[in-house]
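Notes follow the structure.
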Amino acid sequence: MKILKLWRTFKEGMLNFKRNGWLSFATVSILTLSLFIVSLSALLGLTTHLVLQNMKEKVTVSVSFNPDVKEERILEIKDELSKYTKEISSVQYISRDKALEDFIAQSGNDPVITQAIEEIGENPLLASLVIKAVTPENYPLIVDQIESSTFQNDISRINYERNKKIFERLEKINTATRKAGLFLGTMFIFIAILITFNTIRITIYSHRQEFEIMRLVGASNLYVRTPYVFEGVLYGLSAAIFTMLFLFGIAYYIAPLTQGAIPQGNFMNLYLNNFFIILGSLIFLGIFLGVLSSILAIKRYLKA
């Protein structure tokens, strides 16, 4: 009997959803836009974070030495640094000849560069130690220790400052993206609740005579109100499904731009790998907003 009543109230909620026509379309559109803004902001924030982490994982600190520093001295420093296993993962020695060879190879054996080096008459590059930290957070400590070490006078330059500025910039972008997403998401969620609230309010108003008849024949308040809760559920569920489709379209177009920048490969892979988590979160949030709007409208306009 209870299942039959539940089915009837659900059916009534679905009829309300269909009868509202363009009003339902507008409500679902606003809810979809709200969920899309929230989910896209979250995914872009996650992508920025992953890009930053990926860059930090690949970055190294290169310590270049003065031209007059002997190879034996540099190898001694290398052995000394290699002892700090808690902070340093690896230390690689790059000789001047190896540095020149790598530079020419990276330039694609450009004849202009080769000719310029020949005109200089000597190798302009410096020998260096390439240091990789155990975690990216260790780099500031490693650089500070090197700058205050006993061999600091042997060092020509350390390339960390440039990377540090890049990371700081990315952190600022990540923070700005997160704040903008939170602001826009909150604003659109408020608008979505307001629109859904008014849609259900109009539905309640158009059925006001039916409520009196239902109460006269003994219908309970729960039976009268439940269809509007189901109506809110349908708004939220529809919005969640449309949002997933829009996110798929965005992921498809963004994928080439993010290829290789994140561990998952690209934005599309990130979307597909987390498909069910995203879908579940959107369904939960969509239904929550729809039901919340319904309850607010029922309490305000459907008195016991």
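Which of the peptides 172-184, 39-51 is most tightly packed, and how do the rest follow, judged by the mean count of other Cβ atoms within 10 Å per residue?
Values: 172-184: 14.4, 39-51: 18.8.
Top to bottom by mean Cβ count within 10 Å: 39-51, 172-184.
With all protein chains present and a 1.4 Å probe, how do Y84, Y271 order by accessible area, largest first? The partial results should precede the final answer.
Working: Y84 120, Y271 5 Å².
So the residues, ranked largest to smallest area, are Y84, Y271.
Strictly over 23 Å apart at the Cα level, which of K58/K78; K70/K165; K70/K164; K98/K165; K70/K98 would you flag in this model? Walk me through the numbers before you get to the answer.
On the way: K58/K78 20 Å; K70/K165 32 Å; K70/K164 29 Å; K98/K165 28 Å; K70/K98 15 Å.
Those over the limit are K70/K165; K70/K164; K98/K165.
Report the calculated FRET efficiency for Q152 and Y93 (r = Cβ-Cβ distance, R0 = 25 Å), to the nearest 0.05. Display every interim value, and only then the final one.
Working: r = 18 Å, r/R0 = 0.73.
It comes out at approximately 0.85.
Roughly how many nanometres apart are two label points built 7 Å out from the Cα toward the Cβ at F190 and K11?
In this crude spin-label approximation the distance works out to 4.2 nm.
Subtracting the Cα-Cα distance from 0.36 nm times the residue separation, let me have the gained length for E137 to L75 in nm, one decimal.
On the way: separation 62, 0.36 × 62 = 22.32 nm, distance 2.55 nm.
19.8 nm is the gain from fully extending E137 to L75.
For S238, S293, what's the largest-to-smallest order of accessible area, 1.4 Å probe? Can you show the working numbers first?
On the way: S238 30, S293 0 Å².
Largest accessible area first, the residues go S238, S293.
Along each of its three principal axes, how wide is the spread of alpha-carbon positions in the stretch 148-205, in whole angstrom units, largest first?
84, 15, 8
The values are calculated or read from the model by the stated rules, or taken from the named source; none is laboratory data. Computed from a predicted structure; not experimentally measured. In this analysis, Cβ positions are derived from the backbone assuming ideal geometry, glycine residues included, and neighbour counts consider all displayed protein chains. Ligands, DNA and RNA are stripped out before the accessible areas are found, and what is left, the full protein with its side chains, is counted by its heavy atoms. Shrake-Rupley method; radii C 1.70, N 1.55, O 1.52, S 1.80 Å.
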